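Heads up: the structure comes next, in C-alpha cells.
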Amino acid sequence: MIRLTNVTYSYPRATVPALNDITLEVPAGQFCAVIGANGAGKSTLCAALAGFVPHFYRGQLTGKLEVAGIDVAASSLAQMAGTVGLVFSNPFNQITGARFSVREEVAFGLENMGVPLDEMATRIDAMLRFAGLAEMADRSPYALSGGQQQRLAIASVLVMRPQVVVLDEPTSQLDPIGSKEVFTVLRDLAATDAATVFLAEQKLEWVAAFADRVLVLHEGRLVADGLPGDVLASPDLSQYGLEPTRYTQAARAAQAAGLPFTAANLPVTLEEAVEYFR
Ligand SMILES: Nc1ncnc2c1ncn2[C@@H]1O[C@H](COP(=O)(O)OP(=O)(O)O)[C@@H](O)[C@H]1O
Ligand SMILES: [Mg+2]
C-alpha cells in the first residue's frame, strides 16, 4: 500500500518543487502506472516511494509519505530495504557485476537478508521460473538479452518479496517483445502476490494494455487519476505534453473525417480499436 498526503518536495536549491501537493492512495494488488512529459516528476515520485527522496537526495519534503506502513521521512533506507524494491530503467545499473551466474545474482539480495539456505534455494527457483529465466540459471548475467537482463534485475528485487515494487521506466531499453515480457511479469505479480506495483512509463500502449490505473503528472502536480481507458482517451492528454495511443488517434481522425464511427468511448488498445471499428 502507498499513501501520500499533500506531499510536496523540492530538490536542494531548486526554486520550484519537483512534486507539488500530491495526495494519492494505491492499494495492495494494484498495478498503477504514472505517465507525464519529461521533467514532470515521475522519477522523483519513484525515488520518494523508495525513500531516496529525501534520504539520498536530501532537499525539503513536506506532507506525509507512507509506503507499506512505513513513514518514509521518519525511517531510513536500510529500514525500507526488503519492504520496498526499486528497479531502475537500465538493468546495467542494477546487476551487481559481482556474480557469475543468473542464479547467484538473484541470490545476492536474499543472502544479505539472512534467509536460511534451503528456503533461499526454493525461493530462487520459484522466482527464476516466474521471471522466465529458469533455463538460463547457470549463464552469465551478461550473456542475456536486454529483456532477459531487465527481468533478471526485476527478479533480483522481487525475490526479497517487497510489499511495494517501484519501477522507473523499466522497459526504456527494451524492444516490444522484451517490454511485453516485463509487463506480463508485473501484472502477474500484482494479481497473484497482491504486491503494489508502481511504474513510471513512457510507452502508453503498454500502460493501456496492462495497468489497472493511470496517473498523470504535469509540472509536479497530479493532474489525472483513473482507469487507463478514461485517462488515455481524455482530450486533456495533449495539454500535458503526451500523445494518445495510435488507436485513439485513429478513432479521432475517423471522427474528424466524418466516418460513421461515433461510439462515445474512444479506444486506447488494439482490442478496443477492433471493437470500435467493427
Ligand atoms: N537530482 C536532481 N537535482 C535537482 N533537480 C532534479 C534532480 N532530478 C530531477 N530534478 C528536477 O526535478 C523535476 C522532475 O524531474 P524528474 O522527476 O526526473 O521528471 P521525469 O522523470 O518525469 O522526467 C525536473 O524539473 C528536474 O529538472
Ligand atoms: Mg524520469
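Using alpha carbons only, what's the Rg to Rh ratio of the chain with Rh from Kirkwood? All intermediate terms of the calculation are to be shown ahead of the outcome.
Values: Rg = 19.7 Å, Rh = 19.7 Å.
My calculation puts Rg/Rh at 1.00.
Can you list residues from other chains, or at least 5 along the same chain, whose modelled amide H is less than 5 Å from the amide H of residue 34?
The answer is 199, 200, 201, 215.
Can you compute the helix-only [θ] at 222 nm over the chain? Use -39500 (n - 2.57) per DSSP H run of at least 4 residues, normalise by all residues, nearest 500 deg cm²/dmol. Don't skip to the answer; put the middle values down first.
Numbers: 11 runs with 104 residues, N = 278.
One gets -11000 deg cm²/dmol as the mean residue ellipticity at 222 nm.
Which whole-number percentage describes the relative contact order of the range 6-61, with Cα contacts under 8 Å and a sequence gap of 6 or more?
After rounding, I find 40 percent.
Which of rounded, prolate or oblate describes the range 236-278 when judged by the alpha-carbon gyration tensor and an a/c cut-off of 1.5? Present the calculation step by step, with values, prior to reporting the outcome.
Values: a/c = 2.38, a/b = 1.46, b/c = 1.63.
Oblate shape, in that a/c is at least 1.5 and b/c is the bigger or equal ratio.
Could you tell me how many degrees, from 0 to 90 and to the nearest 10, lie between the Cα long axis of helix 117-130 and the main elongation axis, the longest principal axis, of the Cα atoms of the chain?
Computed tilt is about 30 degrees.
Shape of the range 1-141 from its Cα gyration tensor (a ≥ b ≥ c, root eigenvalues): rounded if a/c is under 1.5, otherwise prolate when a/b > b/c, or oblate? Could you put the intermediate results ahead of the total?
Numbers: a/c = 2.19, a/b = 1.98, b/c = 1.10.
Cα axes put the range 1-141 in the prolate bin.
Can you list the trypsin sites (Lys or Arg not before Pro) in the range 1-103 that are in a DSSP coil and have 12 or fewer other beta carbons within 10 angstrom? Before the final figure, lay out the partial values.
Values: sites: 3, 13, 42, 58, 64, 99, 103; in loops: 13, 58, 99.
Passing sites in the range 1-103 are 13, 58.
Could you give each residue of the range 192-209 its phi-based ³J(HN,Hα) in whole Hz, using Karplus coefficients 6.51, -1.76, 1.60 with θ = phi - 60°, and x for Gly or Pro?
Calculated HN-Hα couplings, in order: 9, 9, 6, 7, 8, 10, 10, 9, 8, 8, 9, 7, 5, 5, 6, 4, 4, 7 Hz.
Place a +1 charge on the Cβ of each Lys and Arg in the chain and a -1 charge on the Cβ of each Asp and Glu, then give the dipole magnitude about the Cα centre in debye, rounded to the nearest 20. Write out the running numbers ahead of the final one.
Numbers: 20 positive and 29 negative charges, 86 e Å.
Here the chain has a charge dipole of around 420 debye.
Express in whole angstrom the spacing between the alpha-carbon centres of the range 253-269 and the range 7-56.
Distance between centres, Cα-based: 35 Å.
Where a number appears in this text, it was derived from the coordinates with a stated rule and is not lab data. These numbers come from a predicted model, not from an experiment. Neighbour counts are summed over all protein chains in view; Cβ atoms, including those assigned to glycine, are modelled from backbone coordinates with ideal geometry.
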